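What follows is a set of notes on a single structure, which appears directly below.
The values are calculated or read from the model by the stated rules, or taken from the named source; none is laboratory data. What you see is a predicted model; the values in this text were computed from it and never measured. Backbone-built Cβ (ideal geometry, glycine too); neighbour counts: all protein chains shown.
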Amino acid sequence: MTGVVVMNRRTLLGVVLLIAFGCSHFVPNVPVTAPAGYTPAQVEADEKACARARTDDASYATCMIARGYSTYFSVGSAMAGEDYANVLVASTRPREPDAIGADLRECKTSATDKEASGLTARGGSW
């Protein structure tokens, strides 16, 4: 019986690794809006480039925003039983991906802090 458990753990590990590394190049199902004048070929190339560079959905959004797109960014998690919102984000000027990522993390932290303090859209005002 122990052999079955070990095999199942190995199988599970293999599946986790496949998902973590194999799926990292798939374009996530995150809606993006291209700036005016972008061709479908350019959009596809940008989506693929950002998918290859991503480590999570936030990094995909960061990459797309840095390339001029508007996209959604999730704050909070319904899966964790938290309040959450999908926020449409775009940059009004060209910015480096690291700066955009820092802004998105700051936004998420600020929303989490407000949630913890009771200042939410339901429980108070922002």
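Return yes when residue 78 is in contact with a strand residue (DSSP E or B) (Cβ under 8 Å, 6 or more places away or on another chain), closer than 19 Å to residue 31 by Cα, in a loop (DSSP other than H, G, I, E, B) and modelled with pLDDT under 80 and no when it is not.
yes
In the range 23-75, which residues are among the small types (Gly, Ala, Ser), outside any helix (DSSP H, G or I) and modelled with pLDDT of 90 or more?
Those that are among the small types (Gly, Ala, Ser), outside any helix (DSSP H, G or I) and modelled with pLDDT of 90 or more: 34, 36, 37, 68, 70.
Take the residues in the range 81-97 that are more than 12 Å from residue 31 (Cα to Cα) and not in a loop (DSSP other than H, G, I, E, B); name whichever of them is modelled with the lowest pLDDT.
Top of the filtered list is 84.
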